[in-house]
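None of the figures in this text is laboratory data; all of them are computed from the coordinates on show. Computed from a prediction, not measured in an experiment: that's the story for all the values here. All Cβ positions, even for glycine, are placed from backbone atoms using ideal geometry, and neighbour counts span all protein chains on display.
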Amino acid sequence: MSEPRKRVAILISGRGSNMSALIEAAKAPDYPAQIVGVFSNQPDAGGLQVAASHGIATAWRWHKDYPSRTGFELAIADVLKLWRPDIIALAGFMRILTPEFTEKWKGRMINIHPSLLPLHRGLHTHEAAIAAGDKEHGCTVHFVTPGMDEGPTILQARVPILPGDTPDTLAERVLAEEHRIYPEALALVARGAATFSG
Ligand code: GRF
């Protein structure tokens, strides 16, 4: 008998195009994970409606309603208790998580970042890659650790930076690769083919 599919919660803050890529991938009968819920820290995140239209449970808690990062994370944890995920996939989730939270989910929480880590951590990566004169740019799926955009890499994809590229044209090229590798990386983690090794 095949292994039960791993339960995945996705955390978003915005349009959720990576979330959509994961939802689509998980429709394949042989995909090793199922999306059990989508959570946002922004009540008006476009991705919430998209997820709901696929019949997926959604929830939001506005981080500004909580006096501390820890208080907000306790609210996330309450939602996760209902969904019982095995894995958390961050997909454009724009909140920094505390070491307590990342430690609890160590090896079971992944993120997609739009750069070839360790290059260009943080925001505005497309601008940064162009400004640095890089010839290549890309995206990375990695395990989440306390340091922002620092955890072990699961998959990377590269794209060229072309003459005349703007941050927008480059972002579009990178995003197509994000949508390709995030489902692949989640499948690797769900199958136990990619594991956290420090
Ligand atoms: C993506 O570029 C992702 O790599 C970054 O935030 C963006 C989110 O886009 N972490 P979307 O909400 O998945 O469309």
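Quick notes on this one:
- Listed conditions (1) away from the ligand (no atom under 12 Å from the Cβ); (2) touching an Asp or Glu at 6+ places or on another chain (Cβ under 8 Å) are all met by Pro167, apart from (1).
- Checklist (1) within 19 Å of Trp83 (Cα to Cα); (2) touching a strand residue (DSSP E or B) at 6+ places or on another chain (Cβ under 9 Å) applied to Ala45, failing item: (1)
- If you go through the range 185-198 and keep only what is within 16 Å of the ligand (Cβ to nearest atom) and in contact with a helix residue (DSSP H, G or I) (Cβ under 8 Å, 6 or more places away or on another chain), you end up with just Leu186.
- Scanning the range 84-120 for residues that are in contact with a Lys or Arg (Cβ under 7 Å, 6 or more places away or on another chain), under 25 Å from Leu48 (Cα atoms) and among the aliphatic types (A, V, I, L, M) yields Ile87, Ile88.
- Residue check for Leu97: buried (at least 17 other Cβ atoms within 10 Å of the Cβ) and either assigned to a loop (DSSP other than H, G, I, E, B) or over 17 Å from the mean Cα position of the chain (by Cα) (or both): yes
- Every residue from the range 121-143 that is in contact with a Lys or Arg (Cβ under 8 Å, 6 or more places away or on another chain) and either surrounded by 14 or more Cβ atoms within 10 Å (Cβ to Cβ) or under 23 Å from Leu11 (Cα atoms) (or both): His137, Gly138, Phe143
- Candidates Ile110, Ile88, Ile130, Ile161, filtered to the one that is in contact with a helix residue (DSSP H, G or I) (Cβ under 7 Å, 6 or more places away or on another chain), away from the ligand (no atom under 11 Å from the Cβ) and within 25 Å of Lys27 (Cα to Cα): Ile110
- Sole residue being of a type in the set (A, V, I, L, M) and in contact (Cβ under 8 Å) with a residue 24 or more places away in the chain, chosen from Ala75, Ala91, Ala52: Ala91
- For His142: the one exception among (1) within 15 Å of the ligand (Cβ to nearest atom); (2) over 14 Å from the mean Cα position of the chain (by Cα): (2)
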